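Heads up, the thing below is written out as structure tokens.
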Amino acid sequence: MATIYGVPFSVHVRKPIVTAILKDIQYAVEPVIPFNPPPNWSSLSPTGLIPAMQDGGFTLAESTAICFYLERKKATPAILPADAGDCSRVLFFDGYAGYVFRSVIHGLFFQKIISPNILKGTTDHSVIDSILATTQPKAFAFLESQVRGAFLVGDSLTLADIAIVSNLINFQYLGFTIDKATYPKLAAYAAGIVALEPFQRALADEEPFAEQLGLSRGFLA
Ligand SMILES: N[C@@H](CCC(=O)N[C@@H](CS)C(=O)NCC(=O)O)C(=O)O
């Protein structure tokens, strides 16, 4: 059984969780809050970030590396296509998801949830307003231009969808909506991915954490 360390509502922890569910790989989540980690944390996660994973005597950090490990552990259903172009596009979107996290989701989540609820600090509304006026529309407009159907690459769920939609879930957890008038394809695509069983199961397991933090789950209805 693989142990995934981190909180399941994290954009990056959700990636290996959804991958494990998709592939029917047994896993357990060991909650780790990066701001208050256990004593051995740096040996599991050299950056201090979540997620990390342990499988038998093997340990690994970085969400993409962990998803790749799970892919090699159980090949089907594949989250990385065999075709060179498709596989490269999936890795591109996984990288772009990192950009969306750093430039949009991290700041919003920190200001609305982490600072007031976990660090007992304040919310800087000017940071939120700036993100919503600049980087968020830029990133969402790009994603809108990339959506061609149910999946970003090919005709089945890949790491591209898992990584991008994990960001879009946390955007909506914060009470924001993917505006259907401005981003009609992205809104429909995200709703379609969230409705898939691996996401539904992962999100059901997140419910106690989401409730505790006062996250908005209305978009799941
Ligand atoms: N490149 C890393 C990014 C991981 C990451 O940024 N995790 C966030 C949570 S989603 C974190 O640990 N944040 C705590 C911090 O910024 O100190 C990965 O893909 O695993």
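Structure data summary
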| item | result |
| --- | --- |
| Accessible carbon and sulfur surface of the chain relative to its total accessible area, %, 1.4 Å | 57 percent |
| Summed side-chain charge close to residue 41 - residues other than residue 41 whose Cβ falls under 15 Å, Lys, Arg +1, Asp, Glu -1 | -2 |
| Mean accessible surface per residue for the range 84-220, computed with a 1.4 Å probe while every protein chain stays in place, in Å² | 45 Å² |
| Value of relative contact order over the chain, rounded to a whole percent, pairs C-alpha under 8 Å and six or more apart | 22 percent |
| Burial ranking of peptide ranges 93-106, 6-19, 53-66, 150-163 (average Cβ count within 10 Å, highest at the top) | 6-19, 150-163, 93-106, 53-66 |
| Charge tally in the Cβ shell below 11 Å around residue 185, where Lys, Arg are +1 and Asp, Glu are -1, residue 185 excluded | +1 |
| Residue 138/residue 1 FRET efficiency (R0 30 Å; Cβ-Cβ; nearest 0.05) | 0.15 |
| Among the listed pairs 74/180; 15/138; 73/185; 15/120; 23/180, those beyond 30 Å (Cα-Cα) | 74/180; 73/185; 23/180 |
| Alpha-carbon centroids, the range 137-179 and the range 99-119: separation in whole Å | 18 Å |
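The values are calculated or read from the model by the stated rules, or taken from the named source; none is laboratory data. In this text the structure is predicted, and so the values were computed from the model without any measurement. No Cβ is skipped: glycine too gets one built from the backbone with ideal geometry, and neighbour counts run over all protein chains shown. Accessible surface areas use protein heavy atoms only, side chains included; no ligands, DNA or RNA. Shrake-Rupley method; radii C 1.70, N 1.55, O 1.52, S 1.80 Å.
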